[in-house]
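The values are calculated or read from the model by the stated rules, or taken from the named source; none is laboratory data. What you are looking at is a predicted structure, and each value in this text was computed from that prediction instead of being measured. Cβ placement follows ideal geometry from the backbone for every residue including glycine, while neighbour counts extend to all protein chains displayed.
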Amino acid sequence: MELARHYRIRGQVQGVGYRYFTQRTALRLGVRGWVRNLPDGDVEVHAQASDMILQSFRAELERGPRSSDVREVIEQPLELTQFSTFDIR
């Protein structure tokens with residue numbers, strides 16, 4: 001069954017390639033949705049996939065790219081939306 005999740009990532013996650021890391025990871029795992037920077041320095045992600053894939057995706061979000069310092073990943077459920085790929089906004 002497909003699920004949708006909203007993630008807010010806090011820490012040193014802007015200016016370190018985090019959005020590109022997230023997009024590459026999503027495409028590799030088969031996650032659809034989008035990622036964007038927020039004005040307060042956090043990164044926001046909307047993601048859709050199976051529960052097992054979303055668990056793997058979250059683990060990658062917590063790790064982040066080498067130059068990042070992820071301090072917190074906040075996860076909330078979302079309603080499913082039609083996404084065909086994973087975009088950077």
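Data for the structure
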item	result
Positions within the stretch 35-51 being loosely packed, with under 15 Cβ neighbours inside 10 Å and part of a loop (DSSP other than H, G, I, E, B), in sequence order	Leu38, Pro39, Asp40, Gly41
Some residue of the stretch 12-28 being touching a helix residue (DSSP H, G or I) at 6+ places or on another chain (Cβ under 7 Å), assigned to a strand (DSSP E or B) and of a type outside the set (Gly, Ala, Ser)	no
Residue check for Leu80: touching a residue at least 60 places away in the same chain (Cβ under 8 Å), loosely packed, with under 12 Cβ neighbours inside 10 Å and of a type outside the set (Phe, Trp, Tyr)	yes
Single match in Arg28, Arg19, Arg32 (criterion: on the phi < 0 side of the Ramachandran plot and surrounded by fewer than 14 Cβ atoms within 10 Å (Cβ to Cβ))	Arg28
Boolean, Leu54 is part of a helix (DSSP H, G or I), at pLDDT 95 or above and touching a Phe, Trp or Tyr at 6+ places or on another chain (Cβ under 7 Å)	no
Single condition Ala59 does not satisfy, out of (1) touching a residue at least 24 places away in the same chain (Cβ under 8 Å); (2) under 11 Å from the mean Cα position of the chain (by Cα)	(1)
Residue identified as in contact with a Gly (Cβ under 9 Å, 6 or more places away or on another chain) and not aliphatic (A, V, I, L, M) among Gln23, Gln55, Gln14	Gln14
Given (1) in contact (Cβ under 8 Å) with a residue 60 or more places away in the chain; (2) over 14 Å from Tyr7 (Cβ atoms); (3) not charged (D, E, K, R), number of the condition Ala26 does not satisfy	(2)
Count of residues meeting criterion [under 13 Å from the mean Cα position of the chain (by Cα) and among the hydrophobic types (A, V, I, L, M, F, W, C)] in the stretch 1-25	4
Any hit, the stretch 64-72, residues being surrounded by 17 or more Cβ atoms within 10 Å (Cβ to Cβ) and in a helix (DSSP H, G or I)	no
Residues of the stretch 65-89 that turn out to be of a type in the set (Lys, Arg) and in contact with a strand residue (DSSP E or B) (Cβ under 8 Å, 6 or more places away or on another chain), as a count	2
